[in-house]
Amino acid sequence: MGKGNAQMAADTHRDPQDVGYTLPVILAVAVHLMVVVFSLISLPTSTAEPDSSSIVQATLVSTETFTDQAQQITEQQAALSRAAAEAEAEVEEAEPEPEPEPSTEPSQEAAQQQAAEEAAQREARQAEEQRALEEAQAQAEEEAQRRAEEAQRLAQEQEAEAQAREEAQRQREADEQRVREEAEAQRQREAEEQRAREEAEAERQREAEEQRAREEAEAQRQREAEEQRAREEAEAQRQREAEEQRAREEAEAQRQREAEEQRAREEAEAQRQREAEAQRAREEEARREREAEERRAAEAAEAAMQRQLAGEAEAAANAQQAQQAANSFINIVRRAVEQAWIIPPGASNAMSATIQVRLGPSGELLATSIVTSSGDSTFDRSAMQAVEQAAPFGELRELPADQQRNLRQFNLRFTPGDVR
């Protein structure tokens, strides 16, 4: 209380011009407020979007930045309070010491009244300054609160943006993963397609190889068939040539047989001609003899007639005897040939061959030839071999000379059932 009365006493003696210190205080407070506002305005509102590898780090830094901003606002409020206190202290220090006044009673009352008025004015000024300070502090606190909320909102937005970026990053990573998976699936599909193409190509090559193998096998089969056909044709050609050779040989043999037959016929013809000549000679001789006989018969007709009759009877008897002897000889030859003849298999009764036989004076075989062929060379050869096996025929020597000449050439007809 004593201190307050002293203060009031001191204030009563202040100059009315002391009221001018209020404006500097307000200006100082305004300057501090402007400093706080400018410091808040200069805060970073946004940061560059970090890359995908620094999203978490940027979010933490932004949170720390807003925490630092709130701390700065608190420090600035404290500095503002200190500045206001310092301004008030400076105002108090700047007030001059009250001058002593005469201690008269009326002046003392006036002075007290004036001091009371000044005290009231000072209290009013202080209250106004305090209210202005409180308003400034409230505005600063509101601004700080607004800045803090703004910073928090920005932090939340940046966190949301960071989360969105993380989500976008995750989405991008998922998209990249999906793209990679799709690329891998595409690669696998392409690999499958490539494998399928390779397998198809391998299958086509296998089929081509099989087709080529089949074609080669077919070509080999055709070559073998051609070779077989060539061998068959060669064999057929060989057989044809053999047949032709056999035909030529048979033709040659036939020609030789025909030549032999021709020679035999020529020889037979020559023999017949010789025999005919001999017969004519004999006939001529007989004619001459007959003429002689006729002459002799003319001399003795009766005797001659008798002799002629006797001679004719004797000749007939001799001829009959000769014919019997010839038949006997032929029968002997036929039986010997039949015994020696080996009839070839397959010979039919319709077959027949006529063989001409020529004998020597002693019955030896001179030659055989085919007069009439059976059409089967084996059959013909067997007949000729039978004659050769049965010869010689020594019974010819037992016949008279005239009969021997007649039986040195004769024909034999061969049939499977008989030889004549």
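Here are a few things to note about the model shown:
- Residue match in the stretch 171-194 (condition: surrounded by 13 or more Cβ atoms within 10 Å (Cβ to Cβ) and touching a helix residue (DSSP H, G or I) at 6+ places or on another chain (Cβ under 7 Å)): no
- Just one of the listed residues (Ala317, Ala313, Ala326) is part of a helix (DSSP H, G or I), open to solvent by less than 30 Å² (accessible area, probe 1.4 Å) and at pLDDT below 90, and it is Ala326.
- Residue satisfying condition, being in a strand (DSSP E or B), of a type outside the set (A, V, I, L, M, F, W, C) and either open to solvent by 60 Å² or more (accessible area, probe 1.4 Å) or more than 22 Å from Glu275 (Cβ to Cβ) (or both), within set Arg358, Arg397, Arg335: Arg358
- Remark: pairs (first residue in the stretch 336-361, without any contact (Cβ under 8 Å) to a residue 40 or more places away in the chain; second residue open to solvent by 40 Å² or more (accessible area, probe 1.4 Å) and among the charged types (D, E, K, R); Cβ separation under 8 Å; 6+ apart in sequence or on different chains) = Pro344/Asp376.
- All positions within the stretch 112-160 that are of a type in the set (Gly, Ala, Ser) and in contact (Cβ under 8 Å) with a residue 24 or more places away in the chain: Ala115, Ala116, Ala119, Ala132, Ala136, Ala140, Ala144, Ala148, Ala151, Ala155
- Subset of the stretch 400-420 [surrounded by fewer than 18 Cβ atoms within 10 Å (Cβ to Cβ) and among the aromatic types (Phe, Trp, Tyr)]: Phe410
- The residues of the stretch 230-247 that are within 23 Å of Ala353 (Cα to Cα) and either among the aromatic types (Phe, Trp, Tyr) or open to solvent by 80 Å² or more (accessible area, probe 1.4 Å) (or both) amount to a single one, Arg246.
- In the stretch 366-375, the condition of being of a type outside the set (S, T, N, Q), closer than 19 Å to Glu250 by Cβ and surrounded by fewer than 14 Cβ atoms within 10 Å (Cβ to Cβ) is met by at least one residue.
The values are calculated or read from the model by the stated rules, or taken from the named source; none is laboratory data. Just so it is clear, the model here is predicted, and its values are computed rather than measured. All Cβ positions, even for glycine, are placed from backbone atoms using ideal geometry, and neighbour counts span all protein chains on display. Only protein heavy atoms, including side chains, enter the accessible area calculation; ligands, DNA and RNA are left aside. Shrake-Rupley method; radii C 1.70, N 1.55, O 1.52, S 1.80 Å.
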